[in-house]
Amino acid sequence: MLEIITYPNPILTKPCQPIANPTDLEIKQLITDMTKAMRAHDGLGLAAPQIGKNIRLFLTEIDHELMVFINPEIQKLSGKDTRAEEGCLSFPGQYLPVVRPDKVKIKFTDTSGQKQIIKANGLLARAIQHEFDHLEGILFIERTDS
Ligand SMILES: [Zn+2]
């Protein structure tokens, strides 16, 4: 099982590098291992730096739907600013209120190497923004308004 890196490990605050070959076997294996780790910790999302890899990859799993985002780019944030408690597997047991826009449009590469653009709202939009922040080395303690 992959170990989850916790704060204040400096890996968590380093910006991540793009993945040159999203369909590499090594990436596929990493996604499988990250999925197991996320589920073992009951996470709604997990980003590669949280398991010690500074690469642009994160997962979300909301309502039993697993999504994999490789080299994601946020294209638009919109909707109402919404305040809600967030948790983070790198901060065990800590929950903090964070204000985020309710809607996100995101472009990414999927596990078959295809480019996709999706729009999300609600909890998925929040999870996407939280995990995307990890790729920029931004942690939710910097976003909280409490
Ligand atoms: Zn997190």
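A short reminder: the numbers here are calculations on the coordinates, not readings from a lab. Here the structure is a predicted model, which means the values were calculated and not measured. When we count neighbours, we look across all protein chains shown, and the Cβ atoms used for this are built from the backbone with ideal geometry, even at glycine.
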Legend entry - Model label zone, Thr144; criterion: amide N under 19 Å from point 7 Å along Cα-to-beta-carbon; scope the stretch 65-98: 82-98
Inset, instruction - Name the residue, out of Lys80, Lys14, Lys103, whose mean-square fluctuation peaks in a Gaussian network model built on the chain with Cα pairs under 10 Å. - result: Lys80
Inset, instruction - Any chance you could check the Cα centroid distance between the stretch 9-67 and the stretch 94-146 for me, in angstrom? - result: 13
Inset, instruction - Once you've got the GNM for the chain with C-alpha springs shorter than 10 Å, pick whichever of Gly93, Gly45, Gly113 has the biggest mean-square fluctuation. - result: Gly93
Inset, instruction - May I ask you to list the aspartates and glutamates whose Cα is less than 12 Å away from that of Lys36, ignoring any residue fewer than eight positions away on the same chain? - result: Glu3, Glu61
Legend entry - Relative frequency of Cα-Cα separations exceeding 25 Å in the chain, percent: 20
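What length, rounded to one decimal in nm, is gained on full extension from Arg83 through to Leu66, with 0.36 nm per residue of separation minus their alpha-carbon distance?
Details: separation 17, 0.36 × 17 = 6.12 nm, distance 2.42 nm.
Between Arg83 and Leu66, full extension yields 3.7 nm more.
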Inset, instruction - At 0.36 nm per residue, minus the direct Cα-Cα distance, what do Ile11 and Thr23 gain on full extension? Give it in nm, one decimal, please. - result: 1.9 nm
